[in-house]
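One structure is given below, encoded as C-alpha coordinates.
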Amino acid sequence: MSPDLEGLTMPTESAAAAMKILRDGSLFQWYVIPLMFFVVYVYASEIERSNWNIVFAGLAFWAMDWFNELWNALVFHFTNYAPVWGTPGHTAYLILIGVNIEIAFTFAIMGIAYAKVLPKDPSMRILGVPNRWFIGISGSIASVIIEYFLNGVGALTWDYWWWNRGQPVLIVVFGYLTFFMVSFWVHDMATIRRKAVTVGALWGFDVACFVIFALRLHWI
(Lines give C-alpha, C1' and ligand atoms only; values in the text may rest on other atoms or scores of the structure.)
Protein backbone atom coordinates (compact mmCIF):
# COMPACT_ATOMS: atom_id res chain seq x y z
CA MET A 1 0.00 0.00 0.00
CA SER A 2 1.43 3.40 -0.91
CA PRO A 3 2.05 5.94 1.85
CA ASP A 4 -0.69 8.51 2.39
CA LEU A 5 -0.03 12.23 2.31
CA GLU A 6 0.43 12.46 6.06
CA GLY A 7 2.98 9.64 5.98
CA LEU A 8 5.01 11.55 3.44
CA THR A 9 5.90 14.14 6.09
CA MET A 10 7.74 11.60 8.25
CA PRO A 11 10.82 9.68 7.06
CA THR A 12 10.73 5.91 7.26
CA GLU A 13 12.95 4.23 9.81
CA SER A 14 15.42 3.15 7.14
CA ALA A 15 15.55 6.62 5.56
CA ALA A 16 16.17 8.23 8.94
CA ALA A 17 18.93 5.72 9.67
CA ALA A 18 20.63 6.49 6.36
CA MET A 19 20.43 10.24 6.90
CA LYS A 20 22.16 9.89 10.28
CA ILE A 21 25.30 8.58 8.59
CA LEU A 22 25.15 10.61 5.37
CA ARG A 23 28.66 11.84 4.50
CA ASP A 24 29.91 11.06 8.01
CA GLY A 25 33.70 10.95 7.73
CA SER A 26 34.07 9.17 11.07
CA LEU A 27 32.89 5.95 9.37
CA PHE A 28 36.01 5.77 7.20
CA GLN A 29 37.71 2.38 6.90
CA TRP A 30 41.15 1.77 5.38
CA TYR A 31 39.87 -0.84 2.94
CA VAL A 32 38.51 2.05 0.85
CA ILE A 33 42.05 2.87 -0.31
CA PRO A 34 42.87 -0.53 -1.91
CA LEU A 35 39.36 -0.59 -3.41
CA MET A 36 40.04 2.79 -5.01
CA PHE A 37 43.34 1.62 -6.45
CA PHE A 38 41.70 -1.56 -7.73
CA VAL A 39 39.30 0.62 -9.76
CA VAL A 40 42.25 2.69 -11.00
CA TYR A 41 44.09 -0.49 -11.97
CA VAL A 42 41.11 -1.82 -13.95
CA TYR A 43 40.85 1.37 -15.99
CA ALA A 44 44.63 1.71 -16.36
CA SER A 45 44.83 -1.83 -17.73
CA GLU A 46 42.27 -1.06 -20.43
CA ILE A 47 43.90 2.27 -21.27
CA GLU A 48 47.29 0.54 -21.57
CA ARG A 49 45.77 -1.75 -24.19
CA SER A 50 44.01 1.19 -25.89
CA ASN A 51 40.65 -0.51 -25.32
CA TRP A 52 38.81 2.79 -25.61
CA ASN A 53 35.48 1.14 -26.39
CA ILE A 54 35.62 -0.61 -23.02
CA VAL A 55 36.92 2.42 -21.11
CA PHE A 56 34.15 4.69 -22.35
CA ALA A 57 31.51 1.97 -21.90
CA GLY A 58 32.58 1.65 -18.27
CA LEU A 59 32.48 5.39 -17.69
CA ALA A 60 29.04 5.65 -19.34
CA PHE A 61 27.67 2.86 -17.15
CA TRP A 62 29.02 4.58 -14.04
CA ALA A 63 27.63 7.97 -15.10
CA MET A 64 24.18 6.46 -15.56
CA ASP A 65 24.32 5.04 -12.06
CA TRP A 66 25.15 8.47 -10.64
CA PHE A 67 22.23 9.97 -12.54
CA ASN A 68 19.96 7.44 -10.85
CA GLU A 69 21.46 8.14 -7.44
CA LEU A 70 20.90 11.85 -7.85
CA TRP A 71 17.19 11.61 -8.70
CA ASN A 72 16.73 8.98 -6.02
CA ALA A 73 18.12 11.39 -3.42
CA LEU A 74 15.86 14.14 -4.73
CA VAL A 75 12.84 11.86 -4.27
CA PHE A 76 13.62 11.75 -0.56
CA HIS A 77 14.15 15.51 -0.41
CA PHE A 78 10.77 16.28 -1.96
CA THR A 79 8.76 13.60 -0.16
CA ASN A 80 10.57 13.54 3.19
CA TYR A 81 9.33 9.95 3.33
CA ALA A 82 11.92 7.73 1.69
CA PRO A 83 14.20 7.44 -1.31
CA VAL A 84 13.20 4.85 -3.89
CA TRP A 85 16.09 2.78 -2.51
CA GLY A 86 18.22 3.44 0.53
CA THR A 87 21.49 2.13 1.97
CA PRO A 88 21.34 2.53 5.75
CA GLY A 89 23.66 -0.41 6.47
CA HIS A 90 27.31 -0.56 7.47
CA THR A 91 29.60 1.40 5.16
CA ALA A 92 32.90 3.27 5.16
CA TYR A 93 31.16 6.33 3.66
CA LEU A 94 27.60 7.08 2.56
CA ILE A 95 27.82 9.48 -0.37
CA LEU A 96 24.08 9.89 -1.07
CA ILE A 97 21.13 8.29 0.67
CA GLY A 98 21.07 5.41 -1.81
CA VAL A 99 24.75 4.92 -2.59
CA ASN A 100 27.78 4.23 -0.44
CA ILE A 101 31.45 4.15 -1.39
CA GLU A 102 31.42 0.38 -1.82
CA ILE A 103 28.51 0.51 -4.27
CA ALA A 104 30.13 3.39 -6.16
CA PHE A 105 33.33 1.43 -6.72
CA THR A 106 31.33 -1.61 -7.78
CA PHE A 107 29.49 0.32 -10.48
CA ALA A 108 32.75 1.93 -11.55
CA ILE A 109 34.01 -1.41 -12.86
CA MET A 110 30.72 -3.18 -13.58
CA GLY A 111 30.32 -1.57 -16.99
CA ILE A 112 33.85 -2.56 -17.96
CA ALA A 113 33.23 -6.17 -16.95
CA TYR A 114 30.14 -6.47 -19.14
CA ALA A 115 31.66 -4.54 -22.06
CA LYS A 116 34.49 -7.07 -22.16
CA VAL A 117 32.07 -9.92 -22.93
CA LEU A 118 30.29 -8.11 -25.77
CA PRO A 119 30.61 -9.91 -29.11
CA LYS A 120 32.51 -7.85 -31.67
CA ASP A 121 29.57 -8.11 -34.06
CA PRO A 122 26.65 -6.04 -32.68
CA SER A 123 24.25 -7.79 -35.08
CA MET A 124 24.97 -11.27 -33.74
CA ARG A 125 22.05 -12.88 -31.92
CA ILE A 126 22.03 -15.00 -28.78
CA LEU A 127 19.05 -17.37 -28.57
CA GLY A 128 17.43 -15.26 -31.27
CA VAL A 129 17.87 -11.99 -29.33
CA PRO A 130 20.26 -9.20 -30.41
CA ASN A 131 23.33 -9.78 -28.25
CA ARG A 132 23.39 -6.29 -26.71
CA TRP A 133 19.83 -6.69 -25.49
CA PHE A 134 20.40 -10.27 -24.35
CA ILE A 135 23.45 -9.34 -22.28
CA GLY A 136 21.80 -6.18 -20.97
CA ILE A 137 18.60 -7.94 -19.88
CA SER A 138 20.38 -10.95 -18.40
CA GLY A 139 22.84 -8.67 -16.58
CA SER A 140 19.98 -6.58 -15.22
CA ILE A 141 18.10 -9.63 -13.95
CA ALA A 142 21.26 -10.99 -12.30
CA SER A 143 21.85 -7.63 -10.63
CA VAL A 144 18.30 -7.49 -9.27
CA ILE A 145 18.71 -10.99 -7.84
CA ILE A 146 21.74 -9.67 -5.94
CA GLU A 147 19.64 -6.72 -4.78
CA TYR A 148 17.04 -9.14 -3.43
CA PHE A 149 19.75 -10.63 -1.23
CA LEU A 150 20.94 -7.20 -0.10
CA ASN A 151 17.36 -6.22 0.69
CA GLY A 152 16.88 -9.44 2.60
CA VAL A 153 19.77 -8.65 4.94
CA GLY A 154 18.77 -5.01 5.36
CA ALA A 155 21.69 -3.51 3.44
CA LEU A 156 19.39 -2.13 0.72
CA THR A 157 15.90 -0.88 1.59
CA TRP A 158 12.76 -0.39 -0.48
CA ASP A 159 9.81 1.54 0.98
CA TYR A 160 7.49 2.03 -2.01
CA TRP A 161 5.01 -0.58 -3.22
CA TRP A 162 5.97 -0.03 -6.85
CA TRP A 163 9.69 -0.62 -6.25
CA ASN A 164 10.17 -3.70 -4.10
CA ARG A 165 10.50 -7.49 -4.12
CA GLY A 166 7.01 -7.96 -5.48
CA GLN A 167 7.45 -5.45 -8.32
CA PRO A 168 10.81 -6.20 -9.95
CA VAL A 169 10.09 -4.89 -13.46
CA LEU A 170 10.86 -1.23 -12.73
CA ILE A 171 14.04 -2.23 -10.88
CA VAL A 172 15.19 -4.32 -13.84
CA VAL A 173 14.41 -1.64 -16.42
CA PHE A 174 15.27 1.63 -14.68
CA GLY A 175 17.61 0.28 -12.03
CA TYR A 176 19.90 -1.47 -14.50
CA LEU A 177 18.82 -1.97 -18.10
CA THR A 178 19.15 1.72 -18.94
CA PHE A 179 22.74 1.59 -17.65
CA PHE A 180 23.59 -1.39 -19.82
CA MET A 181 22.02 -0.06 -22.99
CA VAL A 182 23.59 3.39 -22.73
CA SER A 183 26.95 1.75 -21.97
CA PHE A 184 26.67 -0.54 -25.00
CA TRP A 185 25.47 2.35 -27.18
CA VAL A 186 28.60 4.31 -26.28
CA HIS A 187 30.75 1.20 -26.80
CA ASP A 188 29.48 0.83 -30.36
CA MET A 189 29.89 4.46 -31.39
CA ALA A 190 32.00 4.88 -34.50
CA THR A 191 34.62 7.32 -33.22
CA ILE A 192 36.53 7.95 -30.02
CA ARG A 193 35.61 11.63 -30.24
CA ARG A 194 31.90 10.83 -30.22
CA LYS A 195 32.36 8.50 -27.25
CA ALA A 196 34.32 11.15 -25.36
CA VAL A 197 31.78 13.89 -26.05
CA THR A 198 28.85 11.69 -25.01
CA VAL A 199 30.50 10.45 -21.82
CA GLY A 200 31.69 13.97 -21.04
CA ALA A 201 28.13 15.25 -21.36
CA LEU A 202 26.80 12.52 -19.06
CA TRP A 203 29.40 13.22 -16.40
CA GLY A 204 29.08 16.97 -16.83
CA PHE A 205 25.36 16.76 -16.11
CA ASP A 206 25.94 14.55 -13.04
CA VAL A 207 28.61 16.84 -11.62
CA ALA A 208 26.48 19.94 -12.21
CA CYS A 209 23.54 18.31 -10.43
CA PHE A 210 25.72 17.28 -7.48
CA VAL A 211 27.17 20.78 -7.16
CA ILE A 212 23.72 22.39 -7.30
CA PHE A 213 21.66 19.97 -5.24
CA ALA A 214 24.27 18.75 -2.74
CA LEU A 215 26.87 21.49 -2.32
CA ARG A 216 24.82 24.61 -2.97
CA LEU A 217 21.22 23.83 -2.03
CA HIS A 218 21.98 21.02 0.44
CA TRP A 219 18.93 19.09 -0.75
CA ILE A 220 20.72 15.79 -1.02
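The values are calculated or read from the model by the stated rules, or taken from the named source; none is laboratory data. Being a predicted model, the structure only gives us computed values, none of them experimental. In this analysis, Cβ positions are derived from the backbone assuming ideal geometry, glycine residues included, and neighbour counts consider all displayed protein chains. To get the accessible areas, we keep the full protein, side chains included, count just its heavy atoms, and leave off ligands, DNA and RNA. Shrake-Rupley method; radii C 1.70, N 1.55, O 1.52, S 1.80 Å.
List the chymotrypsin sites (Phe, Trp or Tyr not before Pro) within segment 13-49 that fall in a DSSP loop (any state other than H, G, I, E or B) and whose Cβ has at most 14 other Cβ atoms within 10 Å.
The qualifying sites are PHE28, TRP30, TYR31.
Before I look further, what does the chain give for accessible area per residue, probe 1.4 Å, in whole square angstrom?
Counting only protein heavy atoms, the per-residue value for the chain is 53 Å².
In degrees, nearest 10, range 0 to 90: what is the angle between the Cα axis of helix 192-210 and the longest Cα principal axis of the chain?
With rounding to tens, the tilt is 10 degrees.
Relative contact order for the chain: what is it in percent, counting Cα pairs under 8 Å that are at least 6 residues apart?
28 percent
Only helical DSSP H runs with n ≥ 4 go in: add -39500 (n - 2.57) per run for the chain, normalise by residue count and round the 222 nm mean residue ellipticity to 500 deg cm²/dmol.
It comes out at -18500 deg cm²/dmol, rounded to the nearest 500.
Compute the FRET efficiency between PHE134 and SER45 as 1/(1 + (r/R0)^6), taking r as their Cβ-Cβ distance and R0 = 45 Å, and round to the nearest 0.05.
Calculated value: 0.95.
Running a GNM on the chain with Cα contacts under 10 Å, which residue among SER140, SER183, SER26 ends up with the highest mean-square fluctuation?
For the chain, modelled as a Gaussian network with Cα springs under 10 Å, the answer is SER26.
Kindly state, to the nearest 0.05, the FRET efficiency for PHE205 paired with GLU13, given R0 = 41 Å and r defined as their beta-carbon distance.
Efficiency, from the Cβ-Cβ distance: 0.80.
Choose one answer from TRP185, TRP158, TRP66: the residue with the largest mean-square fluctuation in a GNM of the chain with alpha-carbon springs under 10 Å.
It is TRP185.
Nearest 10 degrees, 0 to 90: what angle lies between the long axis of helix 178-187 and the longest principal axis of the chain (Cα atoms)?
Its long axis makes an angle of about 30 degrees.
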